[in-house]
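Just so it is clear, none of the values below were taken in a lab; they were calculated from the coordinates. Keep in mind that this is a model prediction, so the values were computed, not measured. Every residue, glycine among them, receives a Cβ derived from its backbone with ideal geometry; neighbour counts consider all protein chains shown.
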Amino acid sequence: MSVLTSPRGKVEVVHCRRTESQDVYCIKSLIRKFTCKLFGKLNIIYLLEKANLAVTLCNDKEEIMAQATFLDYPNWNVAKQDDWVSVFRELDSDIPCTPLNTLFMHLFVAVDEYSVGCCKEILRTVYKAVPELHFIFLIVPSYMSLGSTLITVFDQVGNIPCLTYEEDFAVHMCHRHSHYPQLHVRKARVEDHDDLMPIFMRYDTILKETYGEYFLAELIEAQDEENHAVVCEVEGTAVGFMSVCSRVNMQLLHECFDLGPFHGLCFPHPDDVLESPQDLSVRRSQDAELRSSSQGSQKIVEELQEPVSPDTMENIQGNIAREAASEEALTAVHSGNVSEPEDIEKLSDISTGYAQYHHVSSRSLASLILPEEPVHFRPIYRGASAAFCIQLFCIDEKYEARSLDFMNFVFSLFSDKNFCVISLPHLTPEFFLIQNFVKMVPFNTCTLEQDLYVFHRAGLLKSIDIRFATLLDTPGVENLVSTLMLNKSILEDLDHYNKARKDPDIEYIRSHYNIEDFIYFSHHQREEHGHMHHFALNPIFRHYTKFFLKEILRLGFKSCLYYRVYPKSREGKFQNPYAHSLTSALHYLVPVRPRRQIVYPLEKLGINAPSKAVSKDPEERKV
């Protein structure tokens with residue numbers, strides 16, 4: 001909730017929410033002639049259907065005060081939807097705009113009396129909702145002024161020509177730092193104690209009751225090479241705190257969680273045991289042929305060919321367990337709700353195991369469709385730990401959306417570490433920082449009453465380039481999906497795409513599923529519907545899943561993506577060539593109910609039978 005005051009002294013309590021279809025009538029009532037001159041004549045329903053983000057500002061009576069619509073490409077046809085970055089780089093090379101950090105305002109309307117306050121509140125909300133966003137561009141005809149409202153938040157950066165007719169358009173920009181800036185992060189000082197304690201006490205008093213009134217000051221004073229305390233500040237006042245430690249109980253984590261996708265959170269070592277003896281013996285002849293040219297490689301092959309008995313494996317794992325037992329415990333962490341001291345101590349006492357994230361985030365559909373195989377072998381990692389842990393974390397809820405600002409700084413404190421881990425009690429709600437981490441899958445033998453989350457240093461990269469796949473990408477894709485169960489299906493479909501580049505028929509999907517419960521079908525062209533067969537993403541970049549999907553839509557000129565899930569009752573369907581692999585992006589899609597179907601007597605109807613485009617699965621028509 002925020003309070004807006006008009007020039008005449010009137011006060012309105014307002015809040016922002018996502019725009020809904022029933023808002024259209026009120027939005028139209030706020031459109032003026034000046035609005036049409038700035039943004040052009042718009043079909044509001046069509047615009048909302050295609051928008052990346054649409055925000056409505058309401059007062060406490062739920063009356064609409066303002067609305068803004070944002071897309072990920074420019075309006076007025078000044079650049080192609082899939083190639084606007086080069087145009088804006090030429091305009092001003094000092095503005096590092098990318099598809100990840102940029103949006104374009106395609107519409108803004110507001111009640112005249114409160115328009116300036118409404119505009120600033122919407123922009124603040126947008127920057128808060130999209131942490132990666134740094135630039136919002138506004139493009140208007142060059143002969144038009146912005147008016148008394150938009151000129152307060154946008155600055156002109158240049159002019160660009162239209163692609164379809166001879167007219168220049170002015171480009172204006174609004175920067176994040178004016179509305180919801182990044183937080184300044186620094187090492188904590190004892191003087192920060194008084195600013196931070198009210199934030200801690202707002203959530204929990206257990207730490208104070210257990211460790212005394214000045215536990216935070218003592219923690220800050222105890223900093224050394226292995227333990228660091230950092231704060232984020234706003235105008236000189238500390239508003240968030242994080243304590244990190246380089247001592248992590250790797251034995252405990254290996255026993256409890258499947259850390260295979262992250263190489264056990266350790267650096268690679270020549271003596272790592274990553275495959276079971278059975279798997280190695282199957283491949284030993286292939287290894288011998290590939291490596292016979294090198295004496296050193298031959299020695300490795302000979303070692304791999306030696307049979308390893310179950311007793312030997314047990315002894316090896318026992319030795320590793322004893323070596324890791326000397327390491328310090330991973331300390332439990334907190335953000336918002338401080339974890340209890342008892343949980344912190346348990347991490348050094350409980351023994352546990354290893355697991356795997358490759359197929360989907362959380363166990364989604366794999367466990368429903370594919371029978372689970374008992375896993376007896378667990379990798380052994382002999383390399384040094386590559387992880388540090390967050391011990392304590394708390395931030396003022398007003399700035400929670402900028403929690404990730406801590407990560408760049410804490411990784412700089414541990415230049416030799418690649419992973420940051422945090423453990424939380426099972427029932428802890430996923431606060432904003434954790435939403436950027438990967439939740440690890442525990443073993444079914446795990447007795448640790450904690451969930452483990454992992455973040456890789458590479459997850460801080462902002463220079464992500466998404467483009468169409470080519471034949472040259474095939475080796476990289478093979479490597480990415482090599483551990484997936486349906487990697488062969490993925491590679492076959494990639495090859496099919498490179499040759500045909502076609503999507504299945506949308507008519508079947510429309511006739512068999514109630515997609516019109518979610519979209520206005522008439523506002524989407526046939527070629528704007530896409531069928532998602534596979535989605536394989538390196539778990540390091542899981543928090544960019546939504547961005548990946550957004551770029552698929554933008555670059556492919558799509559407005560809808562569909563992914564079909566075959567029911568378990570259709571035996572063998574999942575293994576068929578036309579069944580698709582599971583996707584780790586399912587949580588960003590909405591389930592659509594199937595339509596009840598008429599069973600047609602096709603032979604009797606003859607030429608009057610419905611088209612195969614609506615009666616037969618397009619995948620089955622290929623077979």
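Observations on the model:
- For VAL140, distant residues with modelled amide H under 5 Å away: ALA170, HIS172
- Note, ³J(HN,Hα) from phi for the range 522-536, Karplus 6.51, -1.76, 1.60, rounded to Hz, x at Gly and Pro: 5, 8, 10, 6, 3, 6, 8, 9, x, 9, 8, 8, 9, 8, 10
- Here the Karplus relation 6.51 cos²θ - 1.76 cosθ + 1.60, evaluated at θ = phi - 60°, turns the backbone of the range 140-156 into coupling constants of 9, x, 4, 7, 9, 8, 7, x, 6, 8, 5, 5, 6, 10, 10, 10, 6 Hz, with x for every Gly and Pro.
- In sequence order, the range 63-74 has phi-based couplings of 7, 6, 9, 6, 8, 9, 10, 10, 10, 9, 8, x Hz under the Karplus curve 6.51 cos²θ - 1.76 cosθ + 1.60, θ = phi - 60°, and Gly or Pro positions carry x.
- Using a Förster distance of 30 Å, the FRET efficiency for TYR588-ARG89 (Cβ separation, nearest 0.05): 0.55
- Mean separation of Cα pairs under 8 Å and 6 or more residues apart, divided by the residue count, gives the range 226-279 a relative contact order of 23 percent.
- Residues with amide H under 5 Å from that of ARG382, placed H, sequence gap 5 or more: HIS269, ASP272, VAL273
- Less than 5 angstrom separates the built amide H of LEU392 from those of SER243, HIS334, all sequence-distant by 5 or more or on a different chain.
- Restraint check, LYS120/LYS208; LYS33/LYS120; LYS33/LYS558; LYS28/LYS61; LYS33/LYS80, Cα-Cα greater than 29 Å: LYS120/LYS208; LYS33/LYS558
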